[in-house]
Structures are given as structure tokens and as C-alpha cells.
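The values are calculated or read from the model by the stated rules, or taken from the named source; none is laboratory data. It should be emphasised that the depicted structure is a prediction, and the values quoted were computed from it without experimental measurement. Note that we place each Cβ from the backbone using ideal geometry, even for glycine, and neighbour counts take in every protein chain shown. For accessibility, only protein heavy atoms count, side chains too; no ligands or nucleic acids. Shrake-Rupley method; radii C 1.70, N 1.55, O 1.52, S 1.80 Å.
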Amino acid sequence: MLALLLTLLLPLAPAIGGSDRELDEAQRRFLLACQAPDVAAREVALSRLLELDHPGVVVALQRGLAGTLDRLWSTARRTAATRDRVTHGRALLAALRLRSGADSSLTETVTRFEQRLVEDEGDLGRFEIELAQEQAWKRTAEQRVRAWCAGLSRGLAQRALARLVDDAEDATDFSLRRGAIVLVGWLGPPKGTLELLKLLERIYGERVTLLRSLPELEGRVIEEERRLQEVERLAAADPPRAGRRQVQVARAEVQRVRKEAAEPRRKATLCTFLLEAASEAAGASLEREEGKAFDEALRRLVHDIERSKGELALVRLDVLAHAPQAAVAERLWELALETKAPALLAATIDALAAHGDPRFVDGLVEQHLEHPSWQVRSRTVQALASLRAKAGIEPLIRRLDEEEGRLRTDITRALRSLTGQRFHSDSTLWQAFWAEQGTDFVVPPEPPLGGLFGTRDDSADVTFFGIPTESQNVLFVLDVSLSMSLSIVPRANPDDDPGRGLDLPQANEETRLAVARRELMQALAGIHDGGRFNVVLYATDAWSYADSPCTMSGEERTRVAEFLRTTDAAGATNIFGALRVAFDVALGKGGPLGEPPLDTIYFLSDGRPTTGITLDAEELLSYARQRNVAAGITIHTVGLSGAQDAYLLRRLAQDSGGTWAAR
């Protein structure tokens with residue numbers, strides 16, 4: 001605190017040069033201020049640093065920016081997680097209060113949850129203020145540093161760029177690498193854009209190398225987990241054959257191989273974060289290119305996209321999504337007309353939609369709304385919704401009767417978003433609405449609040465815990481860990497606190513697994529004969545009902561019913577393993593850029609991850625985004641109990657255009 005006061009009280013000396021001593025002092029003050037919550041102190045320290053004409057300024061900026069980005073990221077995550085906890089807590093408390101009228105034993109639980117909700121709401125208010133401050137500071141820092149970069153001499157700018165690129169490539173600290181990447185973007189032309197494009201390719205190569213090592217490592221983890229389960233089973237059934245020592249050895253081996261696999265998985269996730277930062281920075285740098293330099297940078301980037309193989313093309317496309325010039329949008333439209341591969345075309349439409357330019361609505365309708373690939377049609381529907389142009393509504397209504405399965409759900413959601421109306425997939429009602437109001441209708445600037453599913457949809461064949469879809473190509477992922485044997489009715493311990501007595505089923509109460517099994521059987525009844533489905537179960541391990549999607553038939557219904565009937569709740573909660581098996585099954589043999597045989601996933605969990613290669617929500621979300629980036633599979637999530645990871649389940653659904661249902 002004393003150091004911070006000195007930062008504020010000591011007068012700022014006029015800039016008299018750029019000595020090492022001045023730099024050391026200015027850097028010390030700047031980094032100290034960046035660690036304090038006072039934004040005004042940060043601005044004062046930044047001003048003093050930027051007054052120095054010294055090549056070492058960029059090092060201080062990089063270190064300060066690294067800390068700023070870390071705080072912004074952690075504050076945003078903490079705020080979002082608390083907001084989700086408050087949202088779910090209010091619903092859970094309302095249910096407890098309702099039941100407490102007939103059950104006085106719940107009074108203590110209600111009081112405890114009321115107190116916790118008050119604390120969470122107070123935390124949320126503070127976190128939202130902190131987040132607003134961090135966001136404001138980042139905007140201020142960006143404006144000031146960009147202006148400083150623009151005034152640098154050519155020689156100093158080149159030295160700064162060289163230093164930053166070296167750190168972006170080779171620094172061992174993730175935060176410093178990310179800070180260097182963002183600063184290269186702020187430094188911008190004349191060479192920043194091209195250097196960032198090179199960095200993209202290098203970081204992508206790093207991630208590819210890491211990902212190649214993972215299947216063998218993760219396979220070893222699965223093998224050791226299964227061996228541990230067998231040893232534990234033998235120890236429980238026949239202690240002389242498998243004693244405590246053997247169980248301990250097996251557990252230690254599982255921990256060893258998990259740790260061995262977790263490190264490259266963590267590094268691959270960090271590479272994904274760096275790719276996202278580099279794409280955004282390259283887009284921002286491209287925005288400031290002018291004349292021939294802009295034309296050359298855009299030409300080179302498009303050329304690289306066209307010659308790219310695999311996911312690297314998608315990474316490069318993301319740069320164009322972050323470059324807001326009209327000329328970039330026009331070139332994206334040309335790419336959309338030229339591209340043949342469905343997954344790449346779908347990603348191009350996504351990038352075009354990110355520009356928010358309504359000039360391309362008519363072209364999207366004419367060229368892509370009837371494309372042979374469901375992926376392309378789905379992304380076109382989503383683009384029309386995000387562009388929020390009136391011209392997209394009537395074509396969507398006309399298309400409704402031409403589609404089946406998930407595309408009807410996609411169109412219904414788009415129409416709901418554009419109009420605020422809830423006619424589900426009833427084309428007659430949509431046509432009547434448009435005939436009556438279409439002439440004078442004005443599209444609201446934002447989608448309606450309250451989600452896109454708010455009333456019962458009788459037109460949907462498949463409904464799971466209230467989330468409907470008309471898809472006939474569905475994967476269900478079901479948690480069967482030990483906690484699923486607890487009561488579906490929350491009582492004294494709704495959040496499964498291990499320090500309290502667990503809520504075991506009482507008379508006339510069902511377990512969570514029983515309810516989930518019944519909901520799943522009802523949902524499977526909505527899959528018509530000829531439709532495709534599969535089921536993934538997970539606890540400590542994850543496994544599927546079949547190796548590939550099954551075609552629904554009478555015999556298949558009998559077999560899957562028996563498969564579910566004989567499933568018991570046991571083990572821990574391996575959400576990473578569940579996601580891995582789910583994407584392996586849903587994507588099929590076509591790979592990451594193929595057309596997946598299953599287009600919708602329902603993912604159910606009643607708790608937080610407790611085992612697996614990673615337990616971190618951001619790593620899990622990054623993994624899901626990376627596996628789903630081209631496929632466009634919609635993931636709906638269902639959380640049972642107060643112990644669910646509301647943040648993880650909401651984000652998993654949100655990132656894929658799905659719905660989160662908390663029960």
C-alpha cells in the first residue's frame with residue numbers, strides 16, 4: 001500500500017531522455033500499479049512509462065499487459081461462474097421453499113441456502129464492478145499503447161517488433177507469450193500483420209505436435225483406469241486375491257499416467273488460447289493496413305486459406321472474422337462462392353456473419369440456404385439470424401416445410417430470434433403472422449430474453465428434460481457416477497456436500513439415475529424407425545452403447561432399453577472422458593472436417609468433474625470447441641442437483657448454440 005501511495009504522490013518528472021535508471025523506475029511503478037485495483041494509478045504509471053524514448057519500454061508493457069490479460073480473464077470467469085451459481089441457486093431455493101411448507105425438516109436447509117445466496121449475490125455485485133474496471137483499463141491501455149506505437153521511429157518499432165516476436169514464439173511463460181502477441185497486434189503495420197500470420201502457423205504446428213502424442217497417452221490412461229476398476233472389484237469380492245496393497249499400486253499407476261497425459265493436454269489448450277489471441281491480434285492489425293500493404297496482406301491470407309489443409313484453414317479464416325473492413329467481408333463472400341468443401345464453406349459463412357454486414361443476406365439465401373450439406377444450410381440459417389435483417393425472415397419461413405430433423409429446429413430458433421414469436425415449427429402460423437405483419441415489421445436489434453425455448457413444443461419429436469429437438473440424429477451422454485444414486489428430490493443436502501448426510505431416496509422418491517433413465521427412454525421413443533442414435537455412459541470411465549451410430553428399429557429399442565435397465569450408478573465423474581467418447585461417436589469416421597452422422601448431443605451431469613485427464617472447466621470447454629469447430633453439432637446440457645457445474649454446463653451449451661437446463 002505504501003508503494004502504491006508513493007506512486008500516486010511522487011511528482012512525475014518531465015521526460016528528459018530514456019536512461020536505464022529512468023526505465024527501471026518507470027517500469028517498477030507501472031508493474032506495481034498494474035497489480036493494484038486503482039485504475040487511475042495505472043494510467044498515471046503508464047503515462048510516465050510511455051514518455052520514455054527507450055527500447056526497454058516494450059518489455060515493461062509486455063509484462064504489464066500479461067498481468068492485465070490474466071486478471072481480466074480470471075475476473076470474467078469468476079463473474080460468469082458466480083452469475084450461473086446465483087441463477088441456479090435462486091431456482092433451487094424456490095423449490096426448497098415450496099417443499100418446506102409441507103416438510104418442516106427443510107427449514108434449516110432453506111435458511112442455509114438463503115444465507116449462501118445472499119453471499120453469492122454480494123460477491124456477484126463486487127465481481128461485476130471489478131470486471132467493468134478491468135475492461136475499462138484494457139480499453140484505455142490499448143488506446144494509449146496504440147498511439148505510442150504509431151509515434152515510434154522506424155528503428156525503435158523494428159527492434160520492439162523483433163523482441164515481441166521472439167517472446168511470442170519462444171517464451172516459456174504462457175502469459176508473456178500472450179502479452180507479446182497482443183502487443184504485436186497493437187504495434188500493427190508495417191510488419192505486424194505478416195508476423196502474426198507466421199505466428200499463427202507456428203503455434204498451430206505446436207498444437208498439432210502435442211495433439212498427436214495424446215491418443216496413445218490417453219489410451220494408456222483408459223487402460224490403467226479399467227485395470228484399477230478390476231482390482232477394486234476383486235478386492236471387494238475376494239480380498240485375499242486383491243488386497244489393499246494391490247489397490248494402492250493400481251491407483252498410483254492411474255495417477256502417474258493421468259499426470260503424464262495431462263501436461264500435453266494442458267499445453268495444447270494453452271496453444272488454443274494463443275491461437276485465439278493471435279487471430280484477434282492479426283485481425284486488428286489488418287484493420288490498420290492501408291493501400292497496397294492491405295491488399296497484399298489480404299491476398300496472402302486468402303491464398304494461405306485456399307492452400308491450407310485441415311483445421312489450419314479454419315484458424316486463418318478466424319483472422320478475417322476479426323478484421324472489420326468492408327473489403328474483407330467482400331473477399332469472404334467471394335470465398336463463400338468459390339469454396340466447395342462443406343466444413344470450410346460453413347466456417348466461411350460463420351466468418352462472414354461475424355462482420356454483421358446485411359448486404360450479403362440475399363446472396364446467402366440464394367446460394368446457400370438450399371445447399372446439399374446440412375452443415376452449410378445450418379450455418380446459413382444461423383448467419384441470417386445473427387445478421388438480423390428483415391430480408392431473411394420470409395425465406396426462412398418458406399424453407400421450414402422443405403427441411404426435416406434438426407434443420408427445422410434451427411430455422412425455428414432463427415425465426416424466434418428475429419421476430420420474438422413462439423410458433424415453433426408450425427409453418428402455417430408463421431405464414432399467417434408474416435402475411436399480417438410482414439409489411440411493417442421491424443426486426444428488434446437483439447434476440448428476445450428468456451432463451452429460445454420457453455413453451456412446450458409439441459411439434460418436436462425428441463424432448464429431454466424439457467429441451468426439444470426435431471433432429472433424428474441424436475447422441476445422449478448420461479452420467480452414471482455414484483451420486484446419481486441419490487434422490488432426485490433435494491432435501492437437507494441439495495449440493496451433495498460430503499461433510500453432510502447425503503440425500504438418499506426416501507419412500508416414493510426416485511434416484512437421479514431412475515429419472516434420467518426414464519427421460520432418456522421417452523426421448524428415444526421420439527427417434528423414428530430409420531433415425532440414428534447412440535448413448536454414451538460415463539462415470540470413472542466412459543463407454544458407448546455401440547461403436548457407431550445405430551439405426552432405430554423395434555429390435556434396437558428393446559436392446560437399448562435392456563442396456564439402460566442394467567446400468568447402475570457407481571464411480572467418479574469423468575467429464576473429459578465423456579466428451580472424448582461423445583465426439584468420437586458423433587463425428588464418426590469423417591474426421592474433424594467431415595460431415596458428422598449425428599448432429600445433436602444431449603449431455604447430462606449431476607456434479608463437477610472429479611476424475612479424468614483434466615478437471616478444469618476452461619480446458620474442458622476448449623477441448624469441446626476444438627473438436628466441434630467445423631462439425632457444428634448442437635450440444636444441449638442438463639444439470640441435476642445443486643452440485644452441478646453450472647458454469648461448465650451453460651458454456652458447453654452456449655458455445656454450440658444449445659440450451660442448458662438446470663434441475
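Carbon and sulfur atoms: what percent of the 1.4 Å accessible area of the chain do they account for?
Working: 15490 of 29550 Å².
Roughly 52 percent of what the probe reaches on the chain is carbon or sulfur.
Just for the chain, what percent of DSSP beta bridges are antiparallel, to the closest 5? Walk me through the intermediate numbers first.
On the way: 9 of 29 bridges.
If we restrict to bridges inside the chain, about 30 percent are antiparallel.
Report relative contact order for the chain in percent, whole number only (criteria: Cα-Cα under 8 Å, sequence separation at least 6).
On the way: 968 pairs, mean separation 64.8, N = 663.
Relative contact order here is 10 percent.
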Euclidean distance of C-alpha centroids, the range 279-328 and the range 558-581, integer Å: 44 Å
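Keeping all protein chains in place and using 1.4 angstrom, which order do 249, 361 fall into by accessible surface area, from largest down? Please report the intermediate quantities before stating the final value.
Values: 249 75, 361 5 Å².
Accessible-area ranking of 249, 361, largest first: 249, 361.
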Ranked packing of 547-554, 429-436, most packed first, by mean Cβ within 10 Å: 429-436, 547-554
Nearest 10 degrees, 0 to 90: helix 554-565 Cα axis against the chain principal axis: 80 degrees
Which listed pairs, of 138/292; 309/589; 138/309; 138/259; 191/267; 340/390, have C-alpha distances above 26 Å, in listed order: 138/292; 138/309; 138/259; 191/267; 340/390
Accessible surface, per residue, of the chain when the full set of protein chains is kept, probe 1.4 Å, Å²: 45 Å²
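Enumerate by residue number the GluC sites (Glu not before Pro) in the range 341-412 meeting two conditions: DSSP loop (anything except H, G, I, E, B), and at most 14 other Cβ atoms within 10 Å of the site's Cβ.
On the way: sites: 366, 370, 402, 403, 404; in loops: 370, 402, 403, 404.
Within the range 341-412, the qualifying GluC sites (Glu not before Pro) (loop, at most 14 other Cβ atoms within 10 Å) are 370, 402, 404.
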Matching label, volume of the Cα convex hull per residue in Å³ computed from the structure shown, candidates (i) 180; (ii) 197; (iii) 229: (ii)
Relative packing of peptides 110-118, 47-55, 276-284 - highest average C-beta neighbours within 10 Å first: 276-284, 47-55, 110-118
For peptides 263-269, 589-595, 476-482, sequence by mean Cβ density within 10 Å, most packed first: 476-482, 263-269, 589-595
Rounded to the nearest 10 Å², the accessible area of residue 388 at probe 1.4 Å: 50 Å²
Solvent-accessible ranking of 290, 25, largest area first, probe 1.4 Å: 290, 25
Distance between the range 73-106 and the range 466-523 - C-alpha centres, whole angstrom: 18 Å
Inter-part distance where the range 639-663 and the range 157-180 are each reduced to a Cα centre, Å: 37 Å
Heavy atoms of residue 587 accessible to a 1.4 Å probe, total area in Å² rounded to 10: 10 Å²
Computed FRET value (nearest 0.05) for residue 521 with residue 296, which takes r as the C-beta separation and R₀ as 51 Å: 0.25
